[in-house]
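Participant: There's a structure below that I have some questions on.
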């Protein structure tokens with residue numbers, strides 16, 4: 001997982017980074033509600049200088065999905 | 001698809017028209033009206049959509065910022081959000097499971113914990129507390145100075161000022177983009193925001209082409225903000241200056257007796273037919289908005305001349321994507337529900353005739369202890385006249 005992605009998410013979710021693997025989601029992180037999800041998207045866009053379409057971002061179900069989208073946009077995973 | 005090179009995410013600005021003063025002389029800050037315009041520009045075809053959010057859903061949250069921009073671009077609309085709860089831009093978070101533990105929250109508030117909001121580091125809590133202790137949403141109506149003896153009608157008072165705020169925002173948009181198409185004015189709303197949408201529709205029945213009400217409350221006296229016993233506990237707190245009649249629906253415990261809902265009384269101020277298509281969407285298992293209440297609201301609206309549709313989302317319709325449950329729809333599901341259930345309204349519907357703004361009409365609205373008069377000569381203004389001796 002991209003360490004910067006982990007950092008961004010851990011800061012917003014206020015959780016230990018070790019909890020944030022590819023399968024981390026609103027199912028596993030209680031603070032990850034549907035609106036905080038969009039704060040994560042906005043912070044990730046800012047941090048990596050990318051833009052996600054809304055329809056695409058609606059489909060992000062877990063952290064691994066965001067990682068995959070970043071990779072598709074040319075962001076290295078490590 | 002994602003793009004490595006960033007493009008402008010939004011075409012947005014904030015308008016700050018003056019808020020209505022209250023009859024108590026309580027100062028109010030200017031409204032914050034969040035506006036997103038189509039990135040291809042505002043044209044004569046461009047309409048307006050008021051995005052009226054549910055309780056403690058902040059307009060500045062990135063989701064709602066993006067939602068407004070999506071609606072603006074997809075439907076050629078000026079998308080407008082109004083901070084009726086006084087949310088500030090820095091307050092970008094929303095409820096968390098911890099904050100939903102209202103019992104614990106209220107106990108902390110009653111204990112006078114002054115830094116509760118800061119300590120929690122979570123926004124929405126300030127709004128919740130202001131609501132809970134009647135210091136914001138209800139203070140205009142519930143202060144003991146005006147109504148030493150509350151009447152059982154107090155539940156019809158809520159939302160008048162907030163609804164006028166919505167119309168004020170619409171007026172501000174008209175002034176900023178006078179060449180846009182104001183026959184295409186829509187409301188998409190959820191929960192408390194949908195309650196306020198109906199209030200706005202009541203004040204301006206011909207201003208809107210459509211209302212998409214998702215999980216909207218017919219009235220607020222049904223344990224919407226908190227259960228009755230909690231509110232009573234707060235009202236009993238000597239630190240507050242608010243009192244309520246025990247017969248008020250505010251003080252009922254869930255479920256509220258249906259007999260205490262008088263929608264005909266609520267709709268009485270309507271003096272001409274409503275032009276909007278009112279599409280109400282409710283979950284069959286919504287425990288905040290009982291289906292029976294929604295059906296009664298529809299019947300009352302129909303009697304008042306509205307064109308209504310009621311769509312009940314049952315368990316069988318839950319697909320896990322657009323419709324994730326048959327309960328009370330909140331949060332970021334709003335976007336998918338709008339697309340799934342409101343696309344035809346936002347794309348095709350127009351109001352046929354002049355709106356209240358063109359007519360310069362006024363409307364009398366009875367509330368506890370007096371009545372409001374809304375004037376449309378310029379920005380909507382609200383005047384309270386006391387019927388008390």
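Participant: Could you list, in sequence order, all residues of region A:46-78 that are within 7 Å of chain B (Cβ to nearest Cβ) and either assigned to a helix (DSSP H, G or I) or touching a strand residue (DSSP E or B) at 6+ places or on another chain (Cβ under 9 Å) (or both)?
Facilitator: A:50, A:51, A:52, A:53, A:54, A:56, A:58, A:69, A:72, A:73
Participant: Name the strands (runs of 3 or more DSSP E) wholly within region B:266-374 that hold at least 1 residues that are farther than 20 Å from residue B:75 by Cβ and modelled with pLDDT of 85 or more?
Facilitator: It comes to B:277-283, B:307-313.
Participant: A follow-up question, please. Do you know which residues across region B:169-193 are modelled with pLDDT of 90 or more and assigned to a helix (DSSP H, G or I)?
Facilitator: Selection gives B:169, B:170, B:171, B:172, B:173, B:174, B:175, B:176.
Participant: Quick check on region B:1-44: of everything there that is at pLDDT 75 or above, part of a loop (DSSP other than H, G, I, E, B) and under 21 Å from the mean Cα position of the chain (by Cα), which residue is nearest to residue B:171 (Cα to Cα)?
Facilitator: B:17
Participant: Answer yes or no: is there a residue in region A:26-36 that is farther than 27 Å from residue B:320 by Cα, over 10 Å from the mean Cα position of the chain (by Cα) and surrounded by fewer than 20 Cβ atoms within 10 Å (Cβ to Cβ).
Facilitator: Checked against the condition, which is being farther than 27 Å from residue B:320 by Cα, over 10 Å from the mean Cα position of the chain (by Cα) and surrounded by fewer than 20 Cβ atoms within 10 Å (Cβ to Cβ), region A:26-36 yields no hits at all.
Participant: In addition: When the residues of region B:72-86 are narrowed to those that are in a helix (DSSP H, G or I) and more than 10 Å from every other protein chain (Cβ to nearest Cβ), which ends up farthest from the chain's Cα centre (by Cα)?
Facilitator: Among those that are in a helix (DSSP H, G or I) and more than 10 Å from every other protein chain (Cβ to nearest Cβ), it is B:75.
Participant: Can you report the number of residues in region A:19-45 which are part of a loop (DSSP other than H, G, I, E, B), in contact with a strand residue (DSSP E or B) (Cβ under 8 Å, 6 or more places away or on another chain) and either within 11 Å of residue B:332 (Cβ to Cβ) or at the interface with another protein chain (Cβ under 10 Å from one of its Cβ atoms) (or both)?
Facilitator: Within region A:19-45, residues that are part of a loop (DSSP other than H, G, I, E, B), in contact with a strand residue (DSSP E or B) (Cβ under 8 Å, 6 or more places away or on another chain) and either within 11 Å of residue B:332 (Cβ to Cβ) or at the interface with another protein chain (Cβ under 10 Å from one of its Cβ atoms) (or both) number 1.
Participant: Taking residue A:5, is it modelled with pLDDT of 90 or more, surrounded by 19 or more Cβ atoms within 10 Å (Cβ to Cβ) and more than 9 Å from chain B (Cβ to nearest Cβ)?
Facilitator: Criteria met by residue A:5.
Participant: For region B:375-389, give me each residue that is at pLDDT below 75 and touching a strand residue (DSSP E or B) at 6+ places or on another chain (Cβ under 6 Å).
Facilitator: Selection gives B:384, B:385, B:386, B:387.
Participant: If you don't mind, there's one more thing I want to ask. Could you give every pair whose Cβ atoms fall below 8 Å, whose first residue belongs to region A:45-68 and is on the phi > 0 side of the Ramachandran plot, and whose second residue is in a loop (DSSP other than H, G, I, E, B), counting only separations of at least 6 or pairs across chains?
Facilitator: A:49/B:4; A:49/B:5; A:49/B:6
The values are calculated or read from the model by the stated rules, or taken from the named source; none is laboratory data. This is a predicted model, so every value here is computed, not measured. Every residue, glycine among them, receives a Cβ derived from its backbone with ideal geometry; neighbour counts consider all protein chains shown.
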